[in-house]
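Enquirer: The structure under discussion is supplied below as structure tokens; questions concerning it will follow.
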Amino acid sequence: METAPDRGPRQERSRLTRARLMDAAVACLAERGVPGATVSAVAERAGVSRGAAQHHFPTREELLLAALRHMVDSRGADLRRRAASVQAGPGRTEAVVQMVVDAFSGPDFDAALQLWAAAAGEPALSAQLIPLEEQVGRELHHAVVDLLDADESVPGTREAVQATLDLARGLGLANLLTDDRARRRRVVGQWARMLEHTLRGEDVPEADTRR
């Protein structure tokens, strides 16, 4: 009979194995796309057997969706840690917007994009991905509301927060093929200034187009 002290290390090994598999799945998705993110390829990258991988994730779809959930949670935790170090006052809104934009870049975003693109042509995968994306979208929205200390009872605030997420996703897509950092910084700065007016319930001033 397995005792409680024995179960502890076994559960920790199981948790670490799952984490390695999900990290490996993200890397395979980003580098090879969905066709290359097979259970065998992910298991090899994680350093475990195919059987061990299927013990944790019986199907490839379960593995890939768990990987998406895993990377969203990791990015969300990182975003909150970074935001906690930014002082309140001038510049915080722009700093938070920049952090949100940064979250939609890099290998994790590339992996998510590969999964989204594949789901568009795979109804079975799409049916499982859409509910997860809806849940993730709600969680990201609430996280940004908290980070901005936004009051959604102020007219336009809810839409402005969602537009921040949509902007971040769009800038991430634009940055896939070319290094777009300079333009991104200008866009982030302008959006942050407009967002601050909305968060305070003020009319957004017209942009100066003379430059």
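The values are calculated or read from the model by the stated rules, or taken from the named source; none is laboratory data. This is a predicted model, so every value here is computed, not measured. Because the Cβ atoms are built from the backbone with ideal geometry, glycine has one as well, and the counts that use them run over all protein chains shown.
Enquirer: What are the residues in the range 186-211 that are more than 16 Å from residue 155 (Cα to Cα) and modelled with pLDDT of 90 or more, if any?
Expert: Matches in the range 186-211: 186, 187, 188, 189, 190, 191, 192, 193.
Enquirer: Search the range 157-205 for residues being among the β-branched types (Val, Ile, Thr) and crowded, with 16+ Cβ neighbours inside 10 Å, and hand back the single one that is nearest to residue 112 (Cα to Cα).
Expert: 164
Enquirer: Residue check, residue 113 against (1) under 19 Å from the mean Cα position of the chain (by Cα); (2) on the phi > 0 side of the Ramachandran plot, all met but one. Which one?
Expert: Going through the list (1) under 19 Å from the mean Cα position of the chain (by Cα); (2) on the phi > 0 side of the Ramachandran plot, residue 113 breaks only (2).
Enquirer: Restricted to the range 45-67, and to residues that are closer than 14 Å to residue 26 by Cα and charged (D, E, K, R), which residue is farthest from the chain's Cα centre (by Cα)?
Expert: The extreme case among them is 45.
Enquirer: Pick from 183, 169: which is among the basic types (Lys, Arg), at pLDDT 90 or above and within 22 Å of the chain's Cα centre (by Cα)?
Expert: Result of the check over 183, 169: 169.
Enquirer: Could you identify the single residue in 108, 78 that is charged (D, E, K, R) and touching a residue at least 40 places away in the same chain (Cβ under 8 Å)?
Expert: Among 108, 78, only 108 is charged (D, E, K, R) and touching a residue at least 40 places away in the same chain (Cβ under 8 Å).
Enquirer: Can you report the number of residues in the range 145-164 which are under 19 Å from the mean Cα position of the chain (by Cα), hydrophobic (A, V, I, L, M, F, W, C) and modelled with pLDDT under 95?
Expert: 3
Enquirer: From the list 83, 95, exactly one residue is over 15 Å from the mean Cα position of the chain (by Cα), modelled with pLDDT under 90 and either in a helix (DSSP H, G or I) or among the aromatic types (Phe, Trp, Tyr) (or both). Which is it?
Expert: None of the others qualify; the one that does is 83.
Enquirer: Which of the residues belonging to the range 120-167 are outside any helix (DSSP H, G or I) and of a type in the set (Val, Ile, Thr)?
Expert: 154
Enquirer: So is residue 74 within 10 Å of the chain's Cα centre (by Cα), assigned to a helix (DSSP H, G or I), within 29 Å of residue 149 (Cα to Cα) and among the hydroxyl-bearing types (Ser, Thr, Tyr) or not?
Expert: yes
Enquirer: Pick from the range 98-111 the residues that are of a type outside the set (D, E, K, R) and not in a loop (DSSP other than H, G, I, E, B): which of them is surrounded by the fewest Cβ atoms within 10 Å (Cβ to Cβ)?
Expert: For the range 98-111, the residue satisfying everything is 107.
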